[in-house]
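Student: I'd like to ask you about the structure that follows.
What follows draws every value from the coordinates through simple rules; no lab data is involved. Keep in mind that what you see is a predicted model, and the values were worked out from it rather than measured. For neighbour counting, all protein chains shown are included, and Cβ atoms are generated from backbone atoms with ideal geometry for every residue, glycine included.
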Amino acid sequence: MKRAIIITGPSGIGKSSVSSLICKNHDYKHCDADEFKWLFSHQRSKQRTKIGEYISYVYAKELIKNGFNIVIEAIPEEYVKKLAPLLKKNKYAVVRIVLHAPLKQCIQNNAQRKRKGYDEQVIRETYDALSSSKGDIIDVDSKSVQQIYAIIRKKYF
């Protein structure tokens, strides 16, 4: 059965790193809204967010129509809801994962990024909203990317 893994959580928690490991080790395609935002502009703006999120939705839709196993990351709930009927029609098993860690860890992780880093204020402003997504909560406090991936692999593969 085809699978879609939807990973959410606050900025700096490790979504992209974990998603990359899943895709590398399990032949999944990666749909990351933040990557599309970054392609549009390196400067944060409402326009960049709107365009990047929409492009990620269209990309996810095409991956689903073509039968790929996918990891969808950082896509807003409104687009997840729009994808749900297509996932069902194409007989996908859907897993929703919420990565959770203290704000302090997200800020530290963000500071170590080579790119896509946000100002600390942005991390603080979005932390609560991005921490309260729907799905299976995985506590990633003080865990490495490899440890988080191992938890996901054991539970979902």
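Student: Considering every pair of different Cα atoms, what Kirkwood radius, in Å, is found for the chain?
Tutor: 15.7 Å
Student: Could you tell me the calculated FRET efficiency between residue 108 and residue 68, based on Cβ-Cβ distance and R0 = 41 angstrom, to the nearest 0.05?
Tutor: 0.75
Student: Sticking with this structure for a sec: Provide the net charge surrounding residue 19, with neighbours chosen by a C-beta distance below 9 Å and charges set as Lys +1, Arg +1, Asp -1, Glu -1.
Tutor: Once all neighbours under 9 Å are counted, the net charge is -1.
Student: In whole angstrom, how far apart do the alpha carbon centroids of region 92-131 and region 25-40 sit?
Tutor: Value for the Cα centre distance between the two parts: 16 Å.
Student: Amide H of residue 29: which non-local residues (sequence gap of 5 or more, or other chain) have their own amide H closer than 5 Å, using H built in the peptide plane?
Tutor: The answer is 69, 70, 71.
Student: So, counting K/R as plus one and D/E as minus one, what does the shell of residues with Cβ under 10 Å around residue 36 add up to?
Tutor: With Lys, Arg at +1 and Asp, Glu at -1, the neighbours total -2.
Student: What ³J(HN,Hα) values, in whole Hz, does the Karplus curve 6.51 cos²θ - 1.76 cosθ + 1.60 give for region 56-71 when θ = phi - 60°, with x put for Gly and Pro?
Tutor: 5, 5, 4, 4, 4, 4, 5, 4, 5, 4, 8, x, 7, 5, 9, 10
Student: Only Cα pairs under 8 Å and at least 6 apart count here; give the relative contact order of region 1-143 as a rounded whole percent.
Tutor: 39 percent
Student: Can I ask one more? Of 75, 112, 131, which is farthest along the charge dipole of region 2-156 in the positive direction, counting Lys and Arg as +1 and Asp and Glu as -1 at C-beta?
Tutor: About the Cα centre, the residue reaching furthest to the positive side is 75.
Student: Kindly provide the chymotrypsin sites (Phe, Trp or Tyr not before Pro) of region 49-142 that DSSP labels as loop, not H, G, I, E or B, and whose Cβ sees at most 14 other Cβ atoms within 10 Å.
Tutor: In loop regions of region 49-142 (DSSP not H, G, I, E or B), there are no sparsely surrounded chymotrypsin sites (Phe, Trp or Tyr not before Pro).
Student: Also, I was wondering about something else. Listing 126, 8 from the residue with the fewest other Cβ atoms within 10 Å to the one with the most, what is the order?
Tutor: Starting with the residue having the fewest Cβ neighbours, the order is 126, 8.
Student: Can you give the charge dipole size of the chain about its Cα centre, rounded to the nearest 20 debye, using +1 on the beta carbon of Lys and Arg and -1 on the beta carbon of Asp and Glu?
Tutor: 540 debye
Student: What is the dipole size for region 18-78, taken about its Cα centre, with +1 at each Lys and Arg Cβ and -1 at each Asp and Glu Cβ, in debye to the nearest 20?
Tutor: Computed about the Cα centre, the dipole is about 220 debye.
Student: Considering the dipole of the chain built from charges on the beta carbon (Lys and Arg +1, Asp and Glu -1) around the Cα centre, which of 31, 146, 99 is farthest to its positive end?
Tutor: 31
Student: Near residue 93, within a Cβ-to-Cβ distance under 9 Å, what is the net charge of the other residues, with Lys and Arg +1 and Asp and Glu -1? If you can, show how the numbers build up before the last one.
Tutor: On the way: positive: 2, 3, 91; negative: none.
Cβ neighbours under 9 Å give a net charge of +3.
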